[in-house]
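Just so it is clear, none of the values below were taken in a lab; they were calculated from the coordinates. Just so we're clear, the structure is a prediction, and the values are computed from it rather than from any experiment. Cβ coordinates were reconstructed from backbone atoms using ideal geometry, including for glycine residues, and neighbour counts include every protein chain displayed.
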Amino acid sequence: MAPIPPSQQQPLVERLMSACGGAYSPDVRRKYFITGPQWAAAYEGNALFHAPTRTSVDFERVIEEYAKIGIGHWCTHDTDVIPSTSVMKDEQWEIVGRIKASLQKNGVQCSMVTTETFHHAVFAGGPAAEAPEVRAYAAERLKNTVHIGHELGASYAVYWPGSFGYYTAGTVDEPQALKWYADGLNAACNADIEFAKKYNRPTLKHCMEAKPFEPQAEILLPTSDAMLAFIFSGLLDHPDMVGLNPEYLHELMWGASVRAALGRALLCKKLFHFDINDGYRLKHDVDIAVGLVNPLDWLNVLVLLRSYGFNGPFNLDYKPPRTTSNHGVFAVSFPTAVDRFITLWEMAGEVMEDAVMKEAIEALKAGGGVTDIHDVDGIVKANAELLTLHELTAHRLFQILVGAHKGRTYSIA
């Protein structure tokens, strides 16, 4: 193939994107509660060892492009769109007004807001640091974000305590730090109650997001299970208002089963929000788009969520690769991420209705029919063949994933 001059590269990408097929229309995409974050679309490709590979993108462009793609909801950290020096000042409300106008113009809703409590130097010791003025500032920032959320019509607030931890053991009093962290969350929830009255709206759903490591060496609330214990610890003024926003990769990073973690959250009725992406176990937070690493696991996860009636929000918390251009972020990265999720979601519905899956699962639940519960050998014998259905159902899931259940095979000639 001859070299492709720059003037022909975007048309090539768009032609091959069209040749891929399998895309959903913007109207179809809008039927799913999928949210697009400001930070994901505006990500410039920079990281600890990486220089930026893309130019900055403002919120007007992000919101406009999401609308074209068919992503019906937008979310943001406060300082993704408001400079730190303008937060909680008059300039903030001018920016919020512009965001509101842009959302209305493009028919996009603000679904969630979150506070940056990890990047700025003031949070070097975390949002629940020893210095009372740091904690007071963090609490004001949290309350301010709740206010912004109500102004923009959001329904969710997310909290990622990424800097809530330490580098060296013995420098932090863990129980005290957890109490201080609860104070900040209580300030946000109590402010929310007042803002909800003022705006005549329901209170927000406050969602805690766990991550086992990064950026601190040790995180005090590293997993969704740790956060469930924190919610039910008695430290919160309004535990009914607080739930979880698990992230797929954050659960996977420490070697856990994402489906099992979600199952525990569902059991506690605390699965409020879900960040969707992909990646690898026991590695760093690479934030690959959904379904590109673990599509079979994703199918299993969505079968669980559909079975228990969780329909979103599903937040596209991933990073378009550094190799993707500014144009490619909106022409390829986001539409394909949404379309893979929709495909897997609908495929999960197919799994639930599949006759083979249904019969196998029902047979396992029916058991072998032993009536003497003291006859342990009889119980083993009665169920020995039924248990083979575990592997059979795993095979059936793979068939559905690749279309083999509809007769798709590959020639070996």
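Could you list, in sequence order, all residues of the range 155-192 that are under 19 Å from His77 (Cα atoms), in a loop (DSSP other than H, G, I, E, B) and touching a strand residue (DSSP E or B) at 6+ places or on another chain (Cβ under 8 Å)?
Ser155, Trp160, Pro161, Gly162, Phe164
Could you grab me the full set of residues in the range 74-117 that are in contact (Cβ under 8 Å) with a residue 60 or more places away in the chain and either surrounded by fewer than 16 Cβ atoms within 10 Å (Cβ to Cβ) or in contact with a Phe, Trp or Tyr (Cβ under 7 Å, 6 or more places away or on another chain) (or both)?
Ser111, Met112
So, in the range 157-193, exactly how many residues are of a type in the set (S, T, N, Q) and buried (at least 19 other Cβ atoms within 10 Å of the Cβ)?
The first filter runs over the range 157-193 and keeps only residues of a type in the set (S, T, N, Q), leaving 163, 168, 171, 176, 186, 190.
Of the ones still in play, those that are also buried (at least 19 other Cβ atoms within 10 Å of the Cβ) are 163.
Residues that pass the stated criteria total 1.
State whether one or more residues within the range 278-288 are hydrophobic (A, V, I, L, M, F, W, C) and crowded, with 21+ Cβ neighbours inside 10 Å.
no
Answer yes or no: is there a residue in the range 271-285 that is under 20 Å from Leu299 (Cβ atoms), in contact with a strand residue (DSSP E or B) (Cβ under 9 Å, 6 or more places away or on another chain) and part of a helix (DSSP H, G or I).
no
Go through the range 280-302 and count every residue that is in contact (Cβ under 8 Å) with a residue 60 or more places away in the chain and farther than 22 Å from Asn46 by Cα.
Qualifying residue count, the range 280-302: 4.
Which residue, of Met357, Met352, is surrounded by fewer than 16 Cβ atoms within 10 Å (Cβ to Cβ), touching a Ser or Thr at 6+ places or on another chain (Cβ under 7 Å) and in a helix (DSSP H, G or I)? So that I can check it myself, show each step before the final result.
Values: Met357 fails: surrounded by fewer than 16 Cβ atoms within 10 Å (Cβ to Cβ).
Sole residue among the options that is surrounded by fewer than 16 Cβ atoms within 10 Å (Cβ to Cβ), touching a Ser or Thr at 6+ places or on another chain (Cβ under 7 Å) and in a helix (DSSP H, G or I): Met352.
Any idea which of (1) without any contact (Cβ under 8 Å) to a residue 60 or more places away in the chain; (2) buried (at least 20 other Cβ atoms within 10 Å of the Cβ) is the one Trp345 doesn't satisfy?
It is condition (1) that Trp345 fails.
Restricting to the range 372-403, count the residues that are assigned to a loop (DSSP other than H, G, I, E, B) and surrounded by 12 or more Cβ atoms within 10 Å (Cβ to Cβ).
1
What do you reckon, is Ala139 in a loop (DSSP other than H, G, I, E, B) and among the small types (Gly, Ala, Ser)?
Considered against the rule, which asks whether it is in a loop (DSSP other than H, G, I, E, B) and among the small types (Gly, Ala, Ser), Ala139 comes out as no.
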